[in-house]
Amino acid sequence: MKPKILVARAIFPDVIERLAQYFEVERNDADTVYSSDELRARLADKAGAITTASERIDASVLAGAPHLRVVANMAVGYNNFDIDAMTAAGVMATNTPDVLNETTADFGWALLMATARRVTESERWLREGHWNKWAYDMFLGADVHGSTLGIIGMGRIGQAIARRAMGFNMRVVYHNRSRLDAATEAACKASYVDKDTLLKTADHVILVLPYSKDTHHTIGAAELAAMKSTATLVNLARGGIVDDAALAQALASKQIAAAGLDVFEGEPSVHPDLLKVPNVVLTPHIASASAATRRGMASLAADNLIAALGFGSAPGKPPCLLNPAVRKA
Ligand code: 8YV
């Protein structure tokens, strides 16, 4: 008998077909976002699951899933996992790093450019029929080339963003939990600074750090007040890293010039005050959404699950295991 697995959200049908070679697959073609109770019920007889950032795997869900051995997240971020609870329950946790680095860095730049040069704000104005003459001061924005870029969170995606900045002749400063080694800093042409210096000196601040209780509201009212009044802020990482209410206020009062947000506290809800301010570019968590990259993420999540359940070319060795303590237990 094939082990049973749950693919908790709709994904590429050919990836489901690959999984079906090894497993009895319960799929979710309707793409419903399950409540915790529903997830727990569906996992009751499953050995594995593929999830996205929308499904929270915690002690209460795990309590109803006695046969579960692996949950493979189709995301690099895994703040939807309670890793300690998963390890205690003997459940392997995996994610999908690296395959999305370049695509996500591209999108960071798309948001940065759109924010600094007011692309969506001016497009909305044009569509509304306001454009009847050219004017010297129409939608003046901030230059990106030659400016100072501040990157908070200098992992693989942050580094890919920094490398792109060389083409724009920018000075790059970064802040991270730990300083990069000298060779990596040189490859990215980035200098390490403390967070306060970064906020005070950067013309454009981009957030690419993982979410945890320690990074909750990394940018709040005090940090926004420390930034230049001409600065822009891009959040590419996770909702909750920015205090969205404080940001909406800072944008409304022009304490900072503009922001670009791909992620939100409590998404898919967006703070109502952010919807009211014109100087913010809002996108629905699509930084990794190129066709090739989403396919790569789904495929890597499947590789992880197949290996974790003892099949494929690396049985028992999922390539992106987050809690190796489980395997040793
Ligand atoms: C995903 C992401 O699209 O990988 C991540 O951490 O935020 C995105 O690439 C999203 O989380 C869906 O799981």
Helix-only CD estimate at 222 nm, as mean residue ellipticity for the chain, using -39500 (n - 2.57) per DSSP H run (n ≥ 4): -10000 deg cm²/dmol
Multiplying the sequence separation of residue 317 and residue 229 by 0.36 nm and subtracting their Cα-Cα distance, what value in nm do you get? 26.7 nm
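Just in the range 121-170: which trypsin sites (Lys or Arg not before Pro) are loop by DSSP and have at most 15 other Cβ atoms within 10 Å?
Values: sites: 124, 127, 133, 156, 163, 164; in loops: 133.
Here the trypsin sites (Lys or Arg not before Pro) that fit, given the DSSP loop and packing criteria, are 133.
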Which distance in nm do the two modelled labels at residue 325 and residue 183 give, with both placed 7 Å along the Cα-to-Cβ direction? 3.1
Between 0 and 90°, nearest 10: helix 291-308 axis offset from the chain longest Cα axis: 30
For the chain, take the longest principal axis of its alpha carbons; what is the angle in degrees between that and the long axis of helix 101-116, to the nearest 10 within 0 to 90? 30
³J(HN,Hα) across the range 241-257 via Karplus (A = 6.51, B = -1.76, C = 1.60, θ = phi - 60°), whole Hz, x for Gly/Pro? 6, 10, 7, 5, 5, 5, 5, 4, 5, 5, 6, 5, 8, 6, 5, 10, 6
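Report the charge-dipole magnitude of the chain in Debye, nearest 20, computed about the Cα centre from +1 at each Lys and Arg Cβ and -1 at each Asp and Glu Cβ. Don't skip to the answer; put the middle values down first.
On the way: 34 positive and 35 negative charges, 119 e Å.
So the magnitude is around 560 debye.
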Near the amide H of residue 259, under 5 Å away, which other amide H atoms are found, from residues 5 or more places off or on another chain, if H is placed in the peptide plane? 233, 280, 281
Going by the alpha-carbon gyration tensor, a ≥ b ≥ c the square roots of its eigenvalues, is the range 130-255 rounded (a/c under 1.5) or, if a/c is not under 1.5, prolate (a/b greater than b/c) versus oblate? oblate
In the chain, what percent of the accessible surface is made up of carbon and sulfur (1.4 Å probe, ligands and nucleic acids excluded)? 54
Residue-ordered couplings for the range 203-220, obtained by feeding phi - 60° into the Karplus form 6.51 cos²θ - 1.76 cosθ + 1.60 and rounding to whole Hz (Gly and Pro as x), are 7, 9, 10, 10, 10, 9, 9, x, 8, 7, 5, 6, 9, 4, 6, 3, 10, x
Within the range 92-128, list the GluC sites (Glu not before Pro) lying in a DSSP loop whose Cβ has at most 10 other Cβ atoms in a 10 Å radius. 128
Looking at the range 36-144, which chymotrypsin sites (Phe, Trp or Tyr not before Pro) are in a loop (DSSP not H, G, I, E or B) and have at most 16 other Cβ atoms within 10 Å? 131, 134, 136, 139
For the range 192-199, in order, what is each residue's ³J(HN,Hα) by Karplus, 6.51 cos²θ - 1.76 cosθ + 1.60 with θ = phi - 60°, in whole Hz (x at glycine and Pro)? 6, 9, 6, 4, 5, 4, 4, 4
To the nearest 10 degrees, how steep is helix 156-165 against the longest Cα principal axis of the chain, on a 0 to 90 scale? 30
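Step through the table entries 46/317; 133/189; 2/317, compare each Cα-Cα distance with 31 Å, and write down the pairs that go over it. Mind dumping the intermediate values first?
Details: 46/317 19 Å; 133/189 42 Å; 2/317 19 Å.
Violating the 31 Å limit, Cα to Cα: 133/189.
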Could you check the spin-label model distance between residue 24 and residue 273? Points 7 Å from the Cα along Cα→Cβ, value in nm. 5.2
Once the dipole of the chain is set up from charges on Cβ (+1 Lys and Arg, -1 Asp and Glu), the residue from the list 140, 247, 296 lying farthest towards its positive end is 296
Potential lengthening between residue 286 and residue 123 on full extension [0.36 nm per residue; Cα-Cα distance subtracted]: 56.7 nm
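Can you give the Kirkwood hydrodynamic radius of the chain from its Cα pairs, in Å with one decimal? Spell out each step's value before the answer.
On the way: mean 1/r = 0.0472 Å⁻¹.
Computed over Cα pairs of the chain, the Kirkwood hydrodynamic radius comes out at 21.2 Å.
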If every Lys and Arg gets +1 and every Asp and Glu gets -1 at its Cβ, then about the Cα centre the range 119-278 yields a dipole, in debye to the nearest 20, of 380
Where labels lie 7 Å past Cα in the beta-carbon direction, separation of residue 14 and residue 137 in nm: 5.5
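The values are calculated or read from the model by the stated rules, or taken from the named source; none is laboratory data. Just so you know, these numbers come straight off a predicted model, no measurement behind them. Note that each Cβ is placed from the backbone with ideal geometry, even for glycine, and that neighbours are counted across all protein chains shown. Ligands, DNA and RNA are stripped out before the accessible areas are found, and what is left, the full protein with its side chains, is counted by its heavy atoms. Shrake-Rupley method; radii C 1.70, N 1.55, O 1.52, S 1.80 Å.
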